[in-house]
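Here the structure is laid out as structure tokens; the discussion comes afterwards.
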Amino acid sequence: MKNLVLTGASDGLGKEFGQLCVENDINVTALCRTNPNYKCDFIKTDLSDEKSIERTCNIIKERYNKIDMVVNCAGVPGIQKLEEVSFDVLDNLMRINLLAPIFLITQLITLIKDNGADILNVDSTIGTKAGYPDQIAYTTSKWGIRGTSYNLQAELKNYKSRVIQFNVGGMNTRMHTKYTGKEIEHPEEWMDPKEIAKLMLHILNLPKSIEISDITINRKVVKE
């Protein structure tokens, strides 16, 4: 049985991907603050806290001598006008969106190298363009993850591990609602996270001779 280490496993795309992996006989180690409502190996983790990540990685290294996939799916949005950007919001966003995946991977890097484990970093399409007004912190964090993936591809080029930069556009999840308190308008125009989860698993199940190093998935809205 394959072993997956998954952040953001209790909600949104991470939840859909975790459930899909369980259905496909993949053991899911879920790193999040809330225990997912599906069968998994839950390790309560605060991705904004260095010591919590260290503790979690030590548990993983003690519990498993083999991991096959590390998927960084956790993320938080950030919408603030330039004149109103606060350090606390900036600090928390960067910790979760950028610092946590880097630190998690480096803490597990020996296991990753020894097992040829694949890394998939879920990013946003905002990390491929100039971004939008009032989203300087979020945009910067997503550009940062692209740099992380590209560097890891160079660092791991002589190992079996593949590094997949997965840029995905707007999905019909609760992330926006949790942050703004407002429901998504026209949810039918947003991508279904179940379908995105299927694509992620398909890419990870490809033969090791195939590495999808960078993929962008945009939502397509046709106005009648």
Check: What single numbered condition from (1) closer than 18 Å to Q153 by Cα; (2) touching a Lys or Arg at 6+ places or on another chain (Cβ under 8 Å); (3) not aromatic (F, W, Y) fails to hold for D114?
Finding: (2)
Check: Looking at segment 44-58, which of its residues are open to solvent by 10 Å² or more (accessible area, probe 1.4 Å) and either basic (K, R) or in contact with a helix residue (DSSP H, G or I) (Cβ under 6 Å, 6 or more places away or on another chain) (or both)?
Finding: K44, D46, L47, S48, K51, R55
Notebook entry, point to check: If you take the residues of segment 1-37 that are in contact with a Ser or Thr (Cβ under 6 Å, 6 or more places away or on another chain) and part of a loop (DSSP other than H, G, I, E, B), which of them is least open to solvent (accessible area, probe 1.4 Å)?
Noted result: P36
Next item on the list: Give the number of residues within segment 183-210 that are surrounded by fewer than 10 Cβ atoms within 10 Å (Cβ to Cβ) and in a helix (DSSP H, G or I).
Entry: 1
Checklist line | Selection status of F103, aromatic (F, W, Y) and either open to solvent by 80 Å² or more (accessible area, probe 1.4 Å) or assigned to a helix (DSSP H, G or I) (or both) | finding: yes
Notebook entry, point to check: Do we find that N172 is touching a residue at least 12 places away in the same chain (Cβ under 8 Å), of a type outside the set (V, I, T) and in contact with an Asp or Glu (Cβ under 7 Å, 6 or more places away or on another chain) in this structure?
Noted result: yes
Item checked: segment 133-145 residues that are under 12 Å from V122 (Cα atoms), paired with ones that are outside any helix (DSSP H, G or I) (beta carbon under 7 Å, 6 or more apart) -> K142/D123; K142/S124; I145/N121; I145/D123
Checklist line | Members of segment 111-132 that are without any contact (Cβ under 8 Å) to a residue 12 or more places away in the chain and not charged (D, E, K, R) | finding: A130, G131, Y132
Notebook entry, point to check: Just checking, how many residues over segment 67-100 are within 25 Å of L201 (Cβ to Cβ), in a helix (DSSP H, G or I) and either among the hydroxyl-bearing types (S, T, Y) or open to solvent by 10 Å² or more (accessible area, probe 1.4 Å) (or both)?
Noted result: 2
Item checked: When residues of segment 142-169 are limited to those that are in a strand (DSSP E or B) and not aromatic (F, W, Y), the one surrounded by the most Cβ atoms within 10 Å (Cβ to Cβ) -> V163
Check: Restricting attention to segment 43-62, which residues are more than 27 Å from Q165 (Cβ to Cβ) and either touching a residue at least 24 places away in the same chain (Cβ under 8 Å) or polar (S, T, N, Q) (or both)?
Finding: N58
Notebook entry, point to check: How about segment 1-25: which of its residues are among the aliphatic types (A, V, I, L, M) and free of Cβ contacts under 8 Å to residues at least 40 places away in the same chain?
Noted result: M1, V22
Margin query: Condition check: under 25 Å from Y138 (Cβ atoms) and touching a residue at least 60 places away in the same chain (Cβ under 8 Å). Does N97 satisfy that?
Written below: no
Next item on the list: Return the residue satisfying two criteria in turn: it lies in segment 107-139 and is modelled with pLDDT of 95 or more and part of a helix (DSSP H, G or I), and of such residues it is nearest to I196 (Cα to Cα).
Entry: I112
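The values are calculated or read from the model by the stated rules, or taken from the named source; none is laboratory data. Keep in mind it's a predicted model, so treat the numbers as computed, not measured. We place every Cβ from the backbone using ideal geometry, glycine too, and count neighbours over all the protein chains shown. Calculation scope for accessible area: heavy atoms of the full protein, side chains included, ligands and nucleic acids excluded. Shrake-Rupley method; radii C 1.70, N 1.55, O 1.52, S 1.80 Å.
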